[in-house]
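Nothing in this text is a laboratory measurement; each read-out follows from the coordinates by a stated rule. None of these values were measured; they are calculated from a predicted model. Cβ atoms come from the backbone with ideal geometry, glycine included; neighbour counts cover every protein chain shown.
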Amino acid sequence: MSRILLKGGRLLCPASGLDETGDLLIQDQSIAQLGGEIQAEDARVIPCAGLVVAPGLIDLHVHLRQPGHEYKETIASGSAAAAAGGFTAVCCMPNTDPVNDSRAVTDFILETAAKEAAARVYPVGAITMGLKGEALTEMAELREAGCVAVSDDGRPVADSRLMRRALEYAASFDLPVICHSEDLKLAAGGHMHEGPTATRLGLGGIPAQAEVLAIERDLALAGLSGAQVHIAHVSCAGSVEAVKRAKSQGVRCTAETAPHYLTLCDQDVGDYDTHFKMNPPLRSAADRQAVRQGLIQGVIDVVATDHAPHSILEKQVEFDQAAFGVVGLETALGVMLQLVEQGELDLAGLIRRMSAIPAQILGLAGGKLNPGGPADVTVLAPELAWKVEPEAFRSLSRNTPFAGWELPGRALATICGGRITHLLEK
């Protein structure tokens, strides 16, 4: 019998309203006792005075690259990065090779995760076969195999009629649809946000409207079908307004943004720094402020990383040849704690957006501290400052825009299913 005693921390669980100093006892894979002073002589004790004991963080949007692109990331390395960042669960997107469009690929991901992962891994299945936007996948099979949602992330479904059928099909299995909303024709040839910086650098621009128009279409189809839709990586003011309007009309929708859209803008691209190239691109400073306000006001429901690892081969090239995407699992919490430090969010609000609400959206285990519940716990050190050093990442890739940043806090320990998956010596 394995027992871990977290001693004297601030027990903070927004889902249950818990906020008090006390102990938490883990026995095997569950929370055995919670609150007050707990005696457990045979338990491994982790002193938590001055620390925050919270539900494990959950990331709804990551790319683990396995199968097919293991030189960028594997399920083992990506989940180790997740644990180091305080995450106890991640949802992996289907744009692998082969694409996760069948039971066989889903089974492979889950079997590999069971053997090698340092976090819970929840597969997201494809909407269309091969992400080609032509024929729907067998969503019933994907749901039965263990997929928690479907998405054609990276290649949005351009055919509106097919997308409507996909939403209706998914709704019949109560399967959420995660939308990468982008008008590919309007975005074609672009490498960063369309604006003065792109003009100065001589780079093709991606207008914000390429995102906004696609989000409006997806939300309109969600209203028509009654399906549950989650809008991925919101990056601009128009998208925030579209989501706000849809929610007011009763559309079943939620939305996410990523730490880089809350803290960076297109000007940060500097002189062709490919570590600032992602899709959707970094927008204007005004868009950044609008997205931040959307998160604070609850229009945007959660923070997800869109962790997209790439090797040096894909990033140390000309900007217009470089791959889109940045890693984020190991920096997300620290970056978001900056907003807490600045008074934009309180700590409970941050944990709610990175744990409780993600669990609710996809019906996942965790997101809450309660006796008998899963022992998925993150111990936060909100005032343990650290410097981002990509060479120390657990991820196989180093493509971060936050290299060299001084961040105010981090995860001191991560416990997933009663197993310590990350422990930092203070």
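The table below gives the values:
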item	result
Square roots of five times the Cα gyration tensor eigenvalues for the chain, Å	33, 24, 21
Candidate aspartates and glutamates for bridging to LYS244, where Cα separation is under 12 Å - those fewer than 8 sequence places away on the same chain excluded	GLU216, ASP301
All lysines inside 23 Å of LYS185 as judged from Cα atoms, apart from same-chain residues fewer than 8 positions distant	LYS132, LYS277
Pairwise label distance in nanometres, ILE38 with GLN316, each label 7 Å out on the Cα-Cβ vector	4.8
Amide H partners (placed H, <5 Å) of GLY205, local residues excluded	HIS191
Sites VAL45 and GLN342, calculated FRET efficiency, Cβ-Cβ separation with R0 51 Å, nearest 0.05	0.90
Computed FRET value (nearest 0.05) for SER160 with SER248, which takes r as the C-beta separation and R₀ as 30 Å	0.85
Label-point separation in nm, LEU424 to GLU141, each point 7 Å along Cα→Cβ	4.4
Separation in nanometres of the label points that stand 7 Å from Cα toward Cβ, at GLN289 and ALA104	5.4
Inter-centroid distance (Cα atoms) of the range 153-190 relative to the range 243-296, Å	19
Max mean-square fluctuation residue, GNM over the chain, Cα-Cα springs under 10 Å, options ALA222, ALA40, ALA49	ALA40
Ellipticity estimate at 222 nm from DSSP helix runs (n ≥ 4, -39,500 (n - 2.57)) divided over the chain, nearest 500	-8500 deg cm²/dmol
Centroid-to-centroid separation of the range 371-426 and the range 54-93 [C-alpha atoms, Å]	13
